[in-house]
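None of the figures in this text is laboratory data; all of them are computed from the coordinates on show. All values reported here derive from a predicted model rather than from experimental measurement. Here the Cβ positions follow ideal geometry from the backbone for every residue, glycine too, while neighbour counts run over all protein chains shown.
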Amino acid sequence: MQLRHTPCVLTLTIAGVAALVPEAGCVQVPQDGQQPSLATHVQDWRDEVVYQLIVDRFADGDVNNDFDVEPGSLAQYQGGDWKGVEDNLDYLQTLGVTTLWISPIVQNVDSDADISGYHGYWQQDLTKLNAHFGDLAALRSMVATAHDRGMKIVLDIVCNHMGQVFFYDINKNGRPDDYVNGSNQPGDPIVQISEYDPPWEPGGVLSFSQEGTSGRAPILFFDDPSINRVVPQPGILGTAGAYHGFGHIENFDDVAQRTLGDFTGGLKDLATELPEVRATLVDAFARWVEQVDFDGYRIDTIKHVESDFWPVFAGNTRARLSGEGKNDFLMFGEAFDGDDQLVGSYTAPGMLDSVFYFPQHFSVFANVFENAYSPALAQGTDQIQALWDQKTTNYGTQPQPGGIGVAPYKALVNFIDNHDVPRFLFASNGDVAALRNALTLVFTEDGIPCVYYGTEQEFSGGNDPGNREVLWTTGFPTDGDTFTHIQKVAGLRKAYVALRHGDTKVVWSSSHVAQEDDAGIFAFERAGGDAGTGPYALVVLNTNDFKTSSTSNGSVVMQTSAPAGTTLVDVLDPAHATATVDSSGQLQVSVPAQAAKILVPQDQVVQGV
Ligand SMILES: [Ca+2]
Ligand SMILES: [Ca+2]
Ligand SMILES: [Ca+2]
């Protein structure tokens, strides 16, 4: 086996043949295409900058896998692949990215209702790779090459459902019918129901005959190899008993429907409470980690799985991977919801390391930043403080046993937008200044920053699939203003430990959104905590689109924790004048419309960043 060096730290075992001890500070990973040895590549996930990409849309590195591609039709495959990712790691590192979250890798149902499975969320066989994106050698090569550069890869997985792999044979004729009559219960109106995707029925989808209902509708798997709509794999997932069979969710607020119903698009809900289904999911995804050396999971649709699934899934995954040399394996879940208590519940002891901070997407990036262009819609920065104040109440305050070593409330994955919501520039009426200011917040707040691909190129797509643009048509330029802004704030986060590990203290927020002195101002300190004594940063943002505002209102001036007389430098724009904390620790700072200052003590300034 040929080996090469990376800057990370771990031990190496080669397939039971020999154990090599790498030199201190060096790591050896397998050459392209070979089975890797598992290794821990991460020290502290808060030091990472995550970039979410849809493989089909990022870069096309191999035209040989471009089958069923329809260029320009965003509901169909476009040709991107793992080779394309590998070929463009320079671009991502130039941006400041250290971790890639890639879209799902497993074999999907290829096509459904004239839409293709390019996104990867229509899984059909968890043991096979999606051939549109390359083969195992290409995937391993991409991951090994990323590791070689000190980068990490997070795999996107789904535990809640499979693609649309079966129909409910409501009329028991053995065929999938687009529409059959409804429940046929006495007194019910005649309604037309699709056997592909019938609505929720509390007792399960029923069959019926002329005489009335006749028990649960049979679940019949499709057999259409031409679009890979065939019996799901592995094992129990190919049996009707592995599915709930209640029809699709109609009321997302109803807990029974939310956890037992089929997901939007006819995606069939797995009976995740069954021990054999749980074991199958743990094993199927862990096998990919073992074969490819992934560094974490992003887990889809977690609020649609019963809560007691997660300690079992997370605990068993950690135990298995840790025994093989993979520690600090990040598991963060997606609960698409603004309910902070609900989202936080998945970080209770023994559950996930982190979640996608969806409540912040809604109450901060949508309400405060995206709406800033409209005085009628803009909301105050007191909303940011109100949300952050709930972190230690709603999220886990202790690191998960065997997890990433950081408490969930300090490791939330911060994002502005993603593939399931309209892009920021769509929702904000093209407000590029607000986008850059929002990015400044993402890169200076507590947690793990995550950027959706294309943000750096100022993509502005609306709802799915408009927000899933092809990136390579841009030519991957690295000189745009938003690209260089991300580069700048990522560099500052890397240079200043206070911005990564410091505790957070909000020192100014405001309900004001009009002409008041402090309209739009939000200020917070990062200091102490895991950053230790000394490092200090003060971030002051103005989210108002129309006027310069300041950290004072009437007779009240912002109170800082900095020692009296501390001279602060704006490292975001060193051309700005310094600011000095007065004898009582107060500081008045003015910030232009939709801009920010990142202030650090003059004696802590890192040159050349
Ligand atoms: Ca391709
Ligand atoms: Ca039928
Ligand atoms: Ca479910």
Cα centroid separation - the stretch 579-597 against the stretch 80-101, whole Å: 38 Å
Span-rule helices in the chain, defined as complete DSSP H runs reaching 15 Å or more along the axis (Cα) with Kyte mean at least 0.5: 136-148, 432-444
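Ranking request for peptides 160-171, 191-202: highest mean number of other beta-carbon atoms within 10 Å first, then the rest in descending order. Intermediate values should be presented prior to the final figure.
Numbers: 160-171: 23.7, 191-202: 17.2.
Sorting 160-171, 191-202 by mean packing, highest first, produces 160-171, 191-202.
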Burial ordering of I153, I54, fewest other beta-carbon atoms within 10 Å first: I153, I54
Global geometry of the stretch 216-291, whether rounded, prolate or oblate, following the gyration tensor of its Cα atoms and the 1.5 cut on a/c: oblate
Full-extension gain in nm, V432 to V63, via 0.36 nm per residue minus C-alpha separation: 129.4 nm
Two-site label geometry, V255 and H576: point separation in nm, points 7 Å out along Cα→Cβ: 4.7 nm
Radius of gyration, Dmax [the stretch 390-493; alpha carbons; angstrom]: 15.6, 45
Cα Rg, Dmax, the stretch 268-404, angstrom units: 17.3, 56
Cβ charges +1 (Lys, Arg) and -1 (Asp, Glu), total dipole of the stretch 60-219, debye: 560 debye
Global size of the chain as Cα Rg and Dmax, reported in angstrom: 25.5, 87
Share antiparallel - DSSP beta bridges, the chain, percent rounded to 5: 65 percent
Cα→Cβ-extended label distance, 7 Å offset, between D339 and F546, nm: 3.7 nm
Alpha carbon convex hull of the stretch 281-327, projected area averaged over orientations, nm²: 3.2 nm²
Per-selection Kirkwood Rh - the stretch 125-280 (Cα, Å, 1 d.p.): 17.5 Å
Per-residue ³J(HN,Hα) for the stretch 234-249, Karplus 6.51 cos²θ - 1.76 cosθ + 1.60, θ = phi - 60°, Hz, x for Gly and Pro: x, x, 4, 5, x, 10, 4, x, 8, 10, 6, x, 9, x, 7, 4
Formal net charge of residues neighbouring Y168 (Cβ-Cβ distance under 14 Å; K, R +1; D, E -1): -4
For M331, distant residues with modelled amide H under 5 Å away: Y297, D353, S354
Local electrostatic count at D337 - Lys and Arg +1, Asp and Glu -1, tallied over other residues with Cβ under 13 Å: -3
Relative contact order computed over the chain (Cα-Cα under 8 Å; 6+ residues apart), in percent: 11 percent
Residue exposure sequence - R140, R287 - by fewest surrounding Cβ within 10 Å: R287, R140
Leading residue at positive end of dipole, the chain (Cβ point charges), from G502, N467, Q594: G502
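Calculate the translational D of the stretch 341-457 in whole µm² s⁻¹ from Stokes-Einstein, where the hydrodynamic radius comes from the Kirkwood formula applied to all Cα pairs, the temperature is 37 °C and the viscosity 0.692 mPa s.
Rounded, D is 222 µm²/s.
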Per-residue HN-Hα couplings for the stretch 38-43 [Karplus 6.51, -1.76, 1.60; θ = phi - 60°; Hz; x = Gly/Pro]: 5, 8, 8, 9, 10, 9
For Y243, distant residues with modelled amide H under 5 Å away: A271
Enclosed volume per residue, in Å³, of the convex hull spanned by Cα atoms of the stretch 426-575: 138 Å³
Summed residue charge, Cβ within 11 Å of L126's Cβ, Lys/Arg positive, Asp/Glu negative: 0
Whole-angstrom gap from the stretch 320-377 to the stretch 396-449, using each part's C-alpha centre: 8 Å
Simple label model, 7 Å out from Cα along Cβ direction - S214 to V231, nm: 2.5 nm
Globularity index of the stretch 475-560, i.e. its alpha-carbon radius of gyration over 2.2 N^0.38 Å: 1.32
Translational diffusion coefficient (Stokes-Einstein; Kirkwood radius from C-alpha pairs) of the stretch 55-152 at 25 °C, 0.890 mPa s, in µm²/s: 179 µm²/s
Ellipsoid semi-axes in whole angstrom, largest first, where each is sqrt(5λ) of the Cα gyration tensor of the stretch 58-112: 23, 13, 10
In Hz, Karplus ³J(HN,Hα) per residue of the stretch 549-554 (6.51, -1.76, 1.60; θ = phi - 60°; x = Gly, Pro): 10, 9, 7, 7, 8, x
Residues S555, S307, S111 arranged by fewest to most Cβ contacts within 10 Å: S555, S307, S111
Long-range HN-HN contacts of R216 with modeled amide H, under 5 Å: S207
